[in-house]
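The values are calculated or read from the model by the stated rules, or taken from the named source; none is laboratory data. Keep in mind that this is a model prediction, so the values were computed, not measured. Neighbour counts run over all protein chains shown; Cβ positions are idealised from the backbone, glycine included. Heads up: the accessible areas ignore ligands, DNA and RNA and are worked out on the full protein's heavy atoms, side chains in. Shrake-Rupley method; radii C 1.70, N 1.55, O 1.52, S 1.80 Å.
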Amino acid sequence: MTKRKALTLIVYAPALVGNDRRALDSVHGMEKALPGLRLEWRLSDGGRPIALPQRDAWLAERVEDGRFPLLCNGDESYPVTVNGRGRPGLLSPGGQPLSEVHAELPLDEPVIAAAAALLEGVAEGVHSFWGHASPYGHGSEVAQQFRRSPHGPECSPHGLPMLYLPEKLPAPEIPWFLGWLNYWSPAAARAIGFPDPARDAELLSRARRTATGGWVVQLTDAPLDLDNPAHLDALKRAYERFPEIGGRSTP
C-alpha cells in the first residue's frame, strides 16, 4: 500500500474490551460506506489472504486489550485493510487508554467519493472521540508538528503550527491535529467550538452531520496536498480557527 496512492483513516475511541461489539460495528460501517467491500479475510504469517467464513464470530472472539486483528478484502491487487490498536493511558490525553482503528484503502475515485461516509462509519461504529482520513504520508507532516522540546522550532517545515504531544492534552475529546477529512464527535465539536455560523460558513459548506450529532468536516475538495498552496492555506486557516486542536490554546 505504501507504493501506491492510499487513503489512511484513523479514529480514536474509548478502549475496546473483550467481546466489544464496537469493533464489528466499525467494520460494518466501512462495508456499508463503500459498495461491494467485504472485509472477510485475515492475513497469514506470510501475508496471504485467508477467508473467514464466520468473520463476525471470529472477530468478536479476538477483541482484547484495546485491539482487534487485521482484516482485509482478500484482493492483493486492490488491498483494503482495517485493524484496531490499543494506546496506553501513559501516551494518551488525560491518562485514559484508547483504541485506534486504522484503515487503509486505495486513493481512487470510488474511495474519494465514499471517504466521508467511510470515516463516519468507522468513527461512529467504534464511538470515537475524533478521527481523520488523509492521503498516505500526512502523518509524516504531523509528526514534525509535535512539540517535543520547549526550545524546538516555532512551525513545521510547511509552516504549520506546532502541536502538543497527545499525552500533554487534558481530555481525549480534544483532537490532536487536522487532516483532509475530520470526524468530530459531539464532545469534540463542543471542545473546539464548532460550528460557529458566523465563522464557519466555508467549512460548513463541506461538512456533514452524523447520525449521533457529530460532524465530518472536509477541508479541501480534492484530497489534501501540502504542495498545493491553496490546500496549505486551507489547512493553516483551519488551525488558526481552532487553537484548541493540539492543545495550543492551553497556557
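Among the conditions (1) open to solvent by less than 30 Å² (accessible area, probe 1.4 Å); (2) within 24 Å of LEU107 (Cα to Cα), the only one that VAL63 does not satisfy is (2). Scanning segment 218-233 for residues that are in a loop (DSSP other than H, G, I, E, B) and under 25 Å from LEU169 (Cα atoms) gives a single hit, LEU219.
Each row is one residue, and each column tells you yes or no for (1) within 22 Å of PRO135 (Cα to Cα); (2) open to solvent by 20 Å² or more (accessible area, probe 1.4 Å); (3) not in a helix (DSSP H, G or I).
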{"site": "GLY179", "(1), (2), (3)": "yes, no, yes"}
{"site": "ALA188", "(1), (2), (3)": "no, no, no"}
{"site": "THR212", "(1), (2), (3)": "no, yes, yes"}
{"site": "VAL216", "(1), (2), (3)": "yes, no, yes"}
{"site": "LEU235", "(1), (2), (3)": "yes, no, no"}
{"site": "ALA238", "(1), (2), (3)": "yes, no, no"}
{"site": "GLY246", "(1), (2), (3)": "yes, no, no"}
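Where strands (runs of 3 or more DSSP E) sit wholly within segment 1-58, none has at least 2 residues that are modelled with pLDDT under 95, among the hydroxyl-bearing types (Ser, Thr, Tyr) and open to solvent by less than 80 Å² (accessible area, probe 1.4 Å). Only one entry in GLY29, GLY66, GLY46 is over 24 Å from LEU98 (Cβ atoms) and of a type outside the set (D, E, K, R), namely GLY46. In segment 143-164, of all residues being over 15 Å from GLY247 (Cβ atoms) and out of contact with any Pro (no Cβ under 9 Å at 6 or more places or on another chain), the one that is most open to solvent (accessible area, probe 1.4 Å) corresponds to HIS151. Of the conditions (1) in contact (Cβ under 8 Å) with a residue 60 or more places away in the chain; (2) over 21 Å from LEU98 (Cα atoms); (3) open to solvent by 30 Å² or more (accessible area, probe 1.4 Å); (4) of a type in the set (Asp, Glu), GLU167 fails just one. Which one is it? GLU167 satisfies every listed condition except (2).
Table: residues versus (1) among the hydrophobic types (A, V, I, L, M, F, W, C); (2) touching a Ser or Thr at 6+ places or on another chain (Cβ under 9 Å); (3) open to solvent by 40 Å² or more (accessible area, probe 1.4 Å).
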residue	(1), (2), (3)
VAL101	yes, yes, no
ALA113	yes, no, yes
ALA116	yes, no, no
VAL122	yes, yes, no
PRO135	no, yes, no
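When restricted to residues that are more than 19 Å from GLU120 (Cβ to Cβ) and not in a loop (DSSP other than H, G, I, E, B), segment 192-210 contains 2.
Filter segment 218-233 down to the residues that are charged (D, E, K, R) and without any contact (Cβ under 8 Å) to a residue 24 or more places away in the chain, then identify the one that is surrounded by the most Cβ atoms within 10 Å (Cβ to Cβ). Give the derivation first.
Within segment 218-233, the first condition is being charged (D, E, K, R), and the residues that meet it are 221, 225, 227, 233.
Remaining after also requiring without any contact (Cβ under 8 Å) to a residue 24 or more places away in the chain: 221, 227, 233.
Values: ASP221: 10, ASP227: 7, ASP233: 12.
Top of the filtered list is ASP233.
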